[in-house]
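Working notes, beginning with the structure itself.
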Amino acid sequence: MERRKMIYLRNLLLLLLIDLPVLVSHAAADDFFNNVEITWGGSRGEIMDRGGLLQLSLDKISGSGFQSKQEYLFGRIDMQIKVVPDNSAGTVTAYYLSSQGDSHDEIDFEFLGNLSGEPYTLHTNIYSQGKGNREQQFQLWFDPRLEFHTYTIIWNPTNIIWYVDNVPIRVFRNVQEQLGVPYPEKQPQRVYSSLWNGDSWATRGGLVKIDWSQAPFTASYRNFQTINACVFSNGKSLCRSTTTGSWRTTTLDVAGLGKLQNVRRNNMIYDYCSDTKRFPHGLPLECSLEL
Ligand SMILES: *[C@@H]1O[C@H](CO)[C@@H](O)[C@H](O)[C@H]1NC(C)=O
């Protein structure tokens, strides 16, 4: 009896600790004025519609970029993006999380433009403790220039999952203990985005250059949602309790794995884990994991 009571109390305490609403001042979702700042490119980066819409542009002189005001350590972060329309060859729209300094962590989405009618490439990568070289590339099942679509990163202590319109396209698991593969779990990250000239490499390996007669090039953003992310401040990660806080324990279940397999089969055009030429002395350790 005593023991059961103790277990009950312990569980109650755990629940309280996990779900205790931490009162952090969260800016209204979807308000770019509160949540981000334009960091370069001058007036090429612009917030409009009373904070509901952000546009970055690129011309011959400069690109532009913004970053989140806050840093996060774990969370679910959503953004709706409409990439540069029409002939966007040579442009790169990068949207990513990154920590500061050497040995940095980074979780990337990068949209590589293309000629009108030719497919965009969605390039993804992850750096943990300074080590990258883990690219996967996709051609999406829609044309990302035509409409806004939702690009999500779920980052929890177990895994990182990249989603497009809620479909998982990539997972990176925490196998630091088992395999010694570094995992981003200590350094807070900010959200960044930039639109820049990548025509030395982006489109068909640099063969197709930017057509400046089409400038300025513009990418659009809306619905930035960080409400389910843990804000890092004063050396601590503060997580807000929400009923939709399930991202903390999200992993891919059977249905999720099925969707991921489907995307890998139909949309993946490059996977570092299959690139034995690039890694002649053996593939990175995490490549041995079953999906
Ligand atoms: C652009 O289109 C070409 C031709 O369809 C394709 O080979 C290439 O992968 C596309 N994307 C990029 C970024 O070059």
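Quick notes on this one:
- Restricted to Cα atoms, segment 79-228 shows a radius of gyration and a Dmax of 15.8, 53 angstrom.
- Computed E for ARG204/TRP141 - FRET, C-beta separation, R0 25 angstrom, nearest 0.05: 0.70
- Phi to ³J(HN,Hα) by Karplus 6.51 cos²θ - 1.76 cosθ + 1.60 over segment 211-218, Hz, x for Gly, Pro: 8, 5, 5, 8, 5, x, 8, 9
- Volume of the Cα convex hull of segment 138-291, divided per residue and given in Å³: 179
- Remark: C-alpha extents of the chain on the principal axes read 79, 51, 36 Å, sorted largest to smallest.
- The Cα center of segment 250-286 and the Cα center of segment 192-215 differ in position by 27 Å.
- Straight Cα distances below 20 angstrom link LYS277 to the lysines LYS131, with same-chain residues fewer than 8 positions distant left out.
- Hydrodynamic radius by Kirkwood, which averages 1/r over all alpha carbon pairs of segment 231-291, in angstrom: 15.3
- Each label was represented as a point 7 Å from its Cα along the Cα-to-Cβ direction; for ASN223 and GLU177 these points are 3.6 nm apart.
- The H on the amide N of VAL36, modeled in the peptide plane, is under 5 Å from the matching H of LYS69, each at least 5 residues off or on a different chain.
- Placing +1 on the Cβ of every Lys and Arg and -1 on the Cβ of every Asp and Glu, with nothing else charged, gives segment 143-197 a dipole about its Cα centre of roughly 160 debye.
- The slack between THR249 and ASP49, meaning 0.36 nm per residue of separation minus the straight C-alpha distance, is 68.5 nm.
- Simple spin-label estimate for ARG265 and ARG278 in nanometres, 7 Å along Cα-Cβ: 2.4
- Shown is the FRET efficiency for LEU257 and ASN133, computed with R0 = 30 Å from the Cβ-Cβ distance and rounded to the nearest 0.05: 0.75.
- Rounded if a/c under 1.5, otherwise prolate or oblate - segment 203-263, Cα gyration tensor axes: oblate
- Sorting the segments 188-199, 38-49 by their residues' average number of neighbouring beta-carbon atoms within 10 angstrom, most packed first, yields 188-199, 38-49.
- Estimated purely from DSSP H runs of n ≥ 4, each contributing -39500 (n - 2.57), the mean residue ellipticity at 222 nm for the chain is -4000 deg cm²/dmol once divided by its residues.
- Helix 2-19 and the longest principal axis of the Cα set of the chain meet at an angle near 20°.
- Derived scalar couplings ³J(HN,Hα) [segment 163-174; Karplus, 6.51 cos²θ - 1.76 cosθ + 1.60; whole Hz; x for Gly, Pro]: 10, 10, 6, 6, 9, x, 10, 7, 9, 10, 8, 7
Coordinate-derived values only; no laboratory data. Note that the structure is a prediction, hence the values are computed from the model and not measured. No Cβ is skipped: glycine too gets one built from the backbone with ideal geometry, and neighbour counts run over all protein chains shown.
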